[in-house]
Amino acid sequence: MKKTNFKTVMTVLAIGFASISVSFLTSCSKSNKSSSTSTTMTLYDSLGGTTMVKDPISTSGAMIETGRLGLRSVVDSTIFVIAGDTSLNKKFFSVLLGEVGSKNYSGFEELSKNLTDFFCVATGAKDYTYSGLSMTNAHNPATNPRMGTKAAAADFDKFVGDLAAGAAQNKVPSDLVLNHIAPLVYTLEGQVVQK
């Protein structure tokens, strides 16, 4: 049951982190324009950037950028939180839960990669490309049949709370979550909330 919920939550997080990433990228771009230095540290850089480390979940000894590893860690933690949140998991991710329950992880793996790519790009990484759906299409069952239903404002609020819990599990300071991450996520509310 945990595996099923974990995979489902990955889908939810991918969409949420993609939204956060866009907001962070926008903030970093504004900062770059007003900076008089030629190099400005991005959020991705502050998470470790392109320094390569051994991927702790790889069985083949693959390497991963420290920035990507940090983002994936927060995403994974948030997915576990959402997997345990019955007000979100089955309501929005029944397709994914069904696949994972049948030991088909292809949808989860694709979503996980897309979400991680999106978050990396949005935070300023240069080595990744996001090719997933727009936030509006990703959250609309008419354009994304993997989405169970349209989200209401209360669902979005619950997701932000779960995201904060996932960030806290990775020791992201609460003031960063409250003053930067949550406000950035809420800039996407109009695209995500569709009922």
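The values are calculated or read from the model by the stated rules, or taken from the named source; none is laboratory data. Since this is a predicted model, take the numbers as computed values, not measurements. Ideal geometry is used to build each Cβ from the backbone, glycine not excepted, and the neighbour counts take in all protein chains shown.
Considering each residue of the stretch 42-63, count those that are at pLDDT below 85 and aliphatic (A, V, I, L, M), and give that number.
2
Do you know which of the residues in the stretch 167-177 that are under 17 Å from the mean Cα position of the chain (by Cα) and modelled with pLDDT under 90 is nearest to V95 (Cα to Cα)?
At the first step, the residues of the stretch 167-177 found to be under 17 Å from the mean Cα position of the chain (by Cα) are 167-172, 176-177.
Subsequent filtering for residues that are modelled with pLDDT under 90 retains 167, 170-172, 176-177.
Working: A167: 26, N170: 28, K171: 32, V172: 31, L176: 33, V177: 30 Å.
Looking at the filtered set, the residue picked out is A167.
Filter the stretch 38-55 for residues that are more than 11 Å from G124 (Cβ to Cβ) and of a type in the set (G, A, S); which is surrounded by the most Cβ atoms within 10 Å (Cβ to Cβ)?
Filtering first and then ranking leaves G48.
Would you point out the residue of the stretch 116-166, among those that are aromatic (F, W, Y) and closer than 18 Å to L184 by Cβ, that is farthest from the chain's Cα centre (by Cα)?
F156
Is it the case that some residue within the stretch 157-177 is crowded, with 21+ Cβ neighbours inside 10 Å and either of a type in the set (D, E) or farther than 25 Å from G49 by Cα (or both)?
yes
Considering every residue within the stretch 111-124, establish whether at least one is modelled with pLDDT under 90, out of contact with any Asp or Glu (no Cβ under 6 Å at 6 or more places or on another chain), of a type in the set (D, E) and surrounded by 15 or more Cβ atoms within 10 Å (Cβ to Cβ). If you could, list the steps in order and put the result at the bottom.
Residues of the stretch 111-124 modelled with pLDDT under 90: 111-124.
Filter again for out of contact with any Asp or Glu (no Cβ under 6 Å at 6 or more places or on another chain), leaving 111-124.
Subsequent filtering for residues that are of a type in the set (D, E) retains 117.
Filter once more, so that each one left must be surrounded by 15 or more Cβ atoms within 10 Å (Cβ to Cβ): 117.
Yes.
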